[in-house]
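Working notes, structure below.
The values are calculated or read from the model by the stated rules, or taken from the named source; none is laboratory data. Remember, it's a predicted structure, so these values are computed and weren't measured experimentally. Heads up, the Cβs are rebuilt from the backbone with ideal geometry, glycines too, and the neighbour counts pull from every protein chain shown. Please note that ligands, DNA and RNA were not included when accessible areas were found on the heavy atoms of the full protein model with its side chains. Shrake-Rupley method; radii C 1.70, N 1.55, O 1.52, S 1.80 Å.
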Amino acid sequence: MNRRYTLHPTPLRATRITYERELNAEQLQVVISGDGPTLVLAGPGSGKTRTLTYRVAYLIEQGIPPQQILLVTFTVKAARQMLDRVEGILKSRPEGLWGGTFHHIGNLFLRRHAELLHRTPTFGILDEEDAKDLIAACIYDLKVSHTKTRLPQANVLEALFSLSANTLHPLEQIVSDQYPQFSDHLGFIQRVNECYRKRKQQNNLMDYDDLLTEWLRLLEDNADLKKQYAEQFRYILVDEYQDTNRLQFKLVRAMASGHHNVLAVGDDAQSIYAFRGAELENLLTFPEIFPETTIFRLETNYRSSPEILHLANASIRLNARQFPKELKSTQGPGPLPAVVPLTDTKQQAAFIAQRVLELRSEGVPLQEIAVLFRARFQAAELELELAKRNVPYVVRGGIRFFEQAHIKDLLAYLRLLVNPRDELSWERVLRLQEGIGTAYARRIWQSLAPDPNPLESALGNREGDRLPSRAEAGWKQLRRVLQQVSATSLRDKPAEALLIVLQSGYQAYLENHFEDARNRREDLEQLINLASNYDSRVRFIEDLTLREPFKGESIRGWEDPDEYLALSTIHQAKGLEWTSVFLIGLVEGQIPHPKSLEDPKALEEERRLFYVAVTRTKRDLYLTYPLTRYSYERGQILMRPSQFIQELPENLFELWRVGEGEVTSS
């Protein structure tokens, strides 16, 4: 059935805001012509936030009551920014407008109708840590012993339950696809999930995912309620539509089922969150789901130089599943992007650190420079090099490589070998063992502490016979590992000692305690590679401990104490911009990720990741890759440049050659 949608029941009113002066031609068309189902394909740096806020202001100026407008964003910061801008444009607060994240809107909705869920309007909301604690309580209530089975811990189960909720896939499918190591424990996982659901109900609680799943359930189970809200919200605007998951898509479709005036703003070329459950198909099939969709393109880029955009356009053009766009720059010409092959990861780190300092001397402040990478481990060597040169840096969206929990876990074994009286390291490694919690760890340390050499005492099994059975197994396992790594033959081989720890139980610990175990394993492999450069565990620990001499000190030459170089994964950098960007580790097997090579859809997402990275810069772009990489287990490995570099036309970049103390271009 064909539909015709009319935005305004009456002729356009005169407007006080001069939209033609405030918006470019592409943005203006969206603001004044976004009738019916509308898909806005907004390239990076094209002013989509400005377009959305002026669209809301325009609707209100045309006499649409604010309470009939729903504005959905993905972050609290974006929601606050948009609502503040709307107020600034209108010179008054649009009282009654529903604006915020999906979870914020879900909270408003469920507070109004909590009784339909057998809850009170004052229900509590569990944050992630609260949710993990309640899941842990369910595990305890089920009387499941973790000493004889490798069961997933509460934080892993919380991530598993959340992914199931957001993708609308059953638990058995999530376990099979994402957590196959737990396939034998599916029954246990389902029992914990049912207990968790009941405990939330009994205690008048909801977690973040419930705010969406229960919102959708009420709409699907109550036709009158669905009709009420579908009629109320005449205009629905959704930001970052390419990041919506299946659950969010169904919510948008249900809420827009009355007037069909849904305006989705997104960019298929920046869809990079499939691992969180985001579905690109939501955007690609939008015109099929909403017949008579009008498509607008925002292709004018206010951020990057033409040279950057030429490279970005050429790369993303190779993706088959997309709405084609061609970004055009408003900026003047800049330097060609530089492709920089380097001998190895050490030379890569040295080049970046040196070039960062050169850029700063040329007038680019550190806060306008970023180093981006596909995976966290790729920056470990760079962190050490920056510390040697006293270059302050901050890791966006995370903590420094050597401060991560799994890195500190492995290093704790070396630390107590170097200093057998290291109380903190003893208690840390003890808590990693099955059946040993904080109380038993403390008890064991207090038993060992009086000895001049607690390590010798531990290897003599002084404490083992006095522990309960659930802790004794963990204690014996620790003793076996310590016996191996404390061997005289390993005194000058810190890498081999770390590898023994990893292979003697810590790998299983990773899988049971961290939802991103695969990424953390890569980090630990890099730590072992770094340790292979040392023939003394004492010197290795010293170098890591003293890697940040600038911390808490004023640095000569740095007038601004808040000036820091940014280090970030590409995923964390989305939506941000800098004057100069280094994209490092561009080799096959790292970007694209090797698993994507067998899946065309996954490979296209990897190319979108590359596209997002290169469009973060305003002017300078350095694409670096090491020609070799050292692996402690495999030796020296020859690396091939990423296919995302190889497929670029050669006229779009400049090839730099780095020698001893000099850089040349060709």
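Worth a mention:
- What the Kirkwood sum gives for the stretch 107-228 is a hydrodynamic radius of 15.4 Å, with every pair of different alpha carbons counted.
- These residues, S361, S162, go from largest to smallest accessible area, 1.4 Å probe, as S361, S162.
- Unit Cα scatterers, Debye sum, the stretch 485-537: log10 I(q)/I(0) for q = 0.21 Å⁻¹: -0.74
- Where the stretch 574-640 is the region considered: accessible area per residue in Å², 1.4 Å probe: 39
- Relative contact order of the stretch 414-516: 26 percent, from C-alpha pairs under 8 Å at least 6 residues apart in sequence.
- Normalised by the number of residues in the chain, the mean separation of alpha-carbon contacts (under 8 Å, six or more apart) gives a relative contact order of 17 percent.
- From phi via Karplus (6.51, -1.76, 1.60), per-residue ³J(HN,Hα) for the stretch 401-415 in Hz, x at Gly/Pro: 3, 7, 9, 6, 4, 6, 5, 5, 4, 5, 5, 4, 4, 5, 4
- Normalised by the number of residues in the stretch 72-127, the average gap of Cα pairs under 8 Å and 6 or more apart makes the relative contact order 31 percent.
- In the stretch 245-398, the portion of solvent-accessible area held by carbon and sulfur atoms comes to 51 percent [1.4 Å probe, whole percent, DNA, RNA and ligands not counted].
- Solvent-accessible area per residue for the stretch 351-413 (1.4 angstrom probe, square angstrom): 32
- R640 - accessible surface, heavy atoms, 1.4 Å probe, Å² rounded to 10: 140
- Fraction of beta bridges assigned by DSSP in the chain that are antiparallel (%, nearest 5): 15
- Cα convex hull, the chain: 184 Å³ per residue, rounded to a whole number.
- In this structure, Q354 and K198 have a Cβ-Cβ separation that, at R0 = 56 Å, corresponds to a calculated FRET efficiency of about 0.40.
- Helical content alone sets the calculated 222 nm signal of the chain at -13500 deg cm²/dmol, taking -39,500 (n - 2.57) per DSSP H segment of four or more residues and averaging over every residue.
- Packing-based ranking, highest mean first, of 66-79, 363-376 given that Cβ atoms within 10 Å are counted: 363-376, 66-79
- Computed over protein heavy atoms with a 1.4 Å probe, the carbon and sulfur contribution to the accessible area of the stretch 64-116 reaches 53%.
- Between the beta carbons of E95 and T18, assuming R0 = 30 Å, the FRET efficiency works out to 0.75 to the nearest 0.05.
- Solvent accessible area, Å² - H103, 1.4 Å probe, full protein context: 60
- Considering only S425, P468, L411, the residue lying farthest towards the positive end of the dipole of the stretch 348-478 is P468, judged by Cα position with unit charges set on Cβ.
- Accessible surface for the stretch 421-532, divided over its residues, is 45 Å² per residue with a 1.4 Å probe.
- Spin-label model, F275/T628: points 7 Å from Cα along the beta carbon direction are separated by 3.0 nm.
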